[in-house]
1. B:ASP101: open to solvent by 50 Å² or more (accessible area, probe 1.4 Å) and at pLDDT 90 or above, yes or no?
2. Cβ-Cβ under 9 Å, sequence separation 6+ or interchain: first residue in the range B:1-18 and more than 8 Å from chain A (Cβ to nearest Cβ), partner among the basic types (Lys, Arg) and part of a helix (DSSP H, G or I). Which pairs?
3. Does B:GLY47 qualify as being surrounded by fewer than 18 Cβ atoms within 10 Å (Cβ to Cβ), within 14 Å of chain A (Cβ to nearest Cβ) and in contact with an Asp or Glu (Cβ under 9 Å, 6 or more places away or on another chain)?
4. For the range A:27-53, enumerate the residues that are surrounded by 14 or more Cβ atoms within 10 Å (Cβ to Cβ) and either of a type in the set (Ser, Thr, Tyr) or out of contact with any helix residue (DSSP H, G or I) (no Cβ under 6 Å at 6 or more places or on another chain) (or both).
5. Among the residues that make up the range B:51-62, is at least one of them out of contact with any His (no Cβ under 9 Å at 6 or more places or on another chain), in the same structural domain as B:LEU17 (by TED's automatic domain parsing), modelled with pLDDT of 85 or more and among the small types (Gly, Ala, Ser)?
6. Is it the case that the range B:61-78 has a residue that's within 12 Å of chain A (Cβ to nearest Cβ) and open to solvent by 60 Å² or more (accessible area, probe 1.4 Å)?
7. Could you give every pair whose Cβ atoms fall below 7 Å, whose first residue belongs to the range A:44-70 and is more than 7 Å from chain B (Cβ to nearest Cβ) and at pLDDT below 85, and whose second residue is open to solvent by less than 60 Å² (accessible area, probe 1.4 Å) and outside any helix (DSSP H, G or I), counting only separations of at least 6 or pairs across chains?
8. Give me the pairs, please: first residue somewhere in the range B:43-72 and in contact (Cβ under 8 Å) with a residue 12 or more places away in the chain, second residue anywhere and assigned to a loop (DSSP other than H, G, I, E, B) and open to solvent by less than 30 Å² (accessible area, probe 1.4 Å), beta-carbon distance under 6 Å, and either six or more positions apart or on two chains.
Amino acid sequence: MELARIEKLLDKYFEGETTISEEKELKVYFTGETVPSHLEKYKDLFGYFSAQSNVVATRATTLPKANNLRFLYPFIGVAASVAIVLGVFFYNPNTTEATGTYEDPEVALQKTKEVLNLVAQYMNEGKKDLVYLNEFENTTNKLLK
Amino acid sequence: MKESAFIALTNGFKDKLFRFAKRLLVSQEEAEDATQEVLLKLWKNKGKIGEYKNIEAFAMTMTKNYCYDKLKAKENNNLKIVHSNYKDERPSLQRQVEAKDSVSWVGKILDTLPEQQRMIIQLRDIEEYDNAEIAKMLDINESAVRAAISRGRKKIREELTKKHNYGVG
């Protein structure tokens, strides 16, 4: 009686109409001991399917170490721009050290005169050498009249 | 998500991914690579894991796509002169041992089926997913799944009957 049922299930099985539980039943039946000889070949089939579901991967999965600081990466640019902006605002080029000054206007006048004289003196010294340039003037005047 | 939680989550279906990849790629090594690759991709997108309704089915689909890419790459490499052309043609020890076991005929027959039938038989008869799940994983409709199951099973039966009648391979 069971055999008839199994044969019926097999027919259904090959039509792809069995349910998962019916297929489990077939697997149990064909991995058992008492299988009639004309159904012997299906023993291999269901035996194989049962055996295959026990095949496992031998290599362990390795995951790359999570980088805990990775979430900071987008903020590096922000930090850099903030640094630049602050730098621009807080940099004051006029912070050169104050030079000494004269309190007394008389002394100041005196000193200024001294400095200007010094400049004028060097100026005149330099201008002495330019006398030679007048030669050019003379020559041109001669030619042009 | 913590690493340990991720491992615990994926351990539930990791071997299924592996068996599925092995069914398609045949090679043990490549199947291990495929499994690792798929899990890595999942790990990288772990932030979105909560969004997927069925992470297992999603991983299966990823595995299928990965294997398809691999198979395609292999086809493209056919014209290359590679050392493997000259490899030892004798079956490996493992193969020899397997061949003695008549159960392994089923595996060999299975490997001759078209890719889609092979995948579907794997998912249905070995992993015991129902047709709706398989249809979703492979992105085809349910009647196509049913048709492929029936066709694949009949083909296996046919080959098995031949083997049993002649007792040779």
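The values are calculated or read from the model by the stated rules, or taken from the named source; none is laboratory data. The model shown is predicted, which means the values in this text are computed figures rather than measured ones. Reconstructed Cβ throughout: ideal geometry from the backbone, glycine too, with neighbour counts over all protein chains shown. The area values use the complete protein model at the heavy-atom level, side chains included, leaving out ligands, DNA and RNA. Shrake-Rupley method; radii C 1.70, N 1.55, O 1.52, S 1.80 Å.
1. no
2. B:MET1/B:LYS46
3. no
4. Listed by number, the residues that qualify are A:TYR29, A:THR31, A:LEU39, A:TYR42, A:GLY47, A:TYR48, A:SER50, A:ALA51, A:SER53.
5. Yes, because at least one residue in the range B:51-62 is out of contact with any His (no Cβ under 9 Å at 6 or more places or on another chain), in the same structural domain as B:LEU17 (by TED's automatic domain parsing), modelled with pLDDT of 85 or more and among the small types (Gly, Ala, Ser).
6. Within the range B:61-78, not a single residue is within 12 Å of chain A (Cβ to nearest Cβ) and open to solvent by 60 Å² or more (accessible area, probe 1.4 Å).
7. none
8. That search, which allows pairs on different chains as well, returns B:TRP43/A:LEU63.
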